[in-house]
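The structure under discussion appears below in the form of structure tokens.
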């Protein structure tokens, strides 16, 4: 059975956009999604592919969250295959043993203007590194994301697309849920 994974931006972070895990499950099921699982409290919903393109599924979830909770939440949806391809495309395999040091930012589309990223002097941020691969931006911060100056610069880079980030632990757990 094919699966889709919804990634909601800014849910239950810092006391903002309260959307409890049980409510996420209930909302997805009320939309007719089947075999629904919710990972963590931060907006990670895995479900049987409803037979719609991921962009349509994202729009449906966005509109339902706005209507039922009054929240305007960016929603990105990837198929199981797209998520597996992102995992396989990880340009920093050396980071896998320390999964908290590796983050993936999922983008709504591949950015057409990457000048904000291209302008960064990576040598000034070593050993931290990033790489854009299609609609995913991989960020490796061996010393931790909280102390990374590169993470701050990358997160503020204007790419003209919506984005939401997950650490490697979450990404691989989502793929495992999609494969279950």
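Brief remarks follow.
- Per-residue Cβ neighbour counts within 10 Å put 103, 16, 62 in the sequence 16, 62, 103, beginning with the fewest.
- In whole percents, the pair-distance distribution calculated for the chain from its alpha-carbon pairs, binned every 5 Å from zero, is 1, 8, 17, 20, 20, 15, 10, 5, 2, 0.
- At q = 0.20 Å⁻¹, base-10 log of I(q)/I(0) for the range 86-168 (Debye sum, equal scatterers on each alpha carbon): -0.87
- Across the range 3-82, the relative contact order, built from alpha-carbon pairs under 8 Å that are at least six residues apart, equals 39 percent.
- Annotation: Cα Rg of the range 3-82 relative to the compact-globule expectation 2.2 N^0.38 Å equals 0.97.
- Fewest-first ranking of 57, 42, using other Cβ atoms within 10 Å as the exposure measure: 42, 57
- Length gained when the stretch residue 92-residue 129 is fully extended (0.36 nm per residue, less Cα-Cα span): 12.4 nm
- Between the alpha-carbon centres of the range 76-97 and the range 106-180 there is a gap of 12 Å.
- The chain, relative contact order in percent, only Cα pairs under 8 angstrom and at least six apart counted: 24 percent
- Extension gain, residue 147 back to residue 64 (0.36 nm per residue minus Cα-Cα distance, nm): 26.2 nm
- Inter-label distance, residue 115 to residue 40: 3.4 nm, where each label sits 7 Å from its Cα along the C-beta direction.
Values in this text are rule-based calculations from the coordinates and carry no lab data. Owing to the predicted nature of the structure, the values given are computational and were not obtained by experimental measurement. Virtual Cβ from ideal backbone geometry, glycine too; neighbours counted across all protein chains shown.
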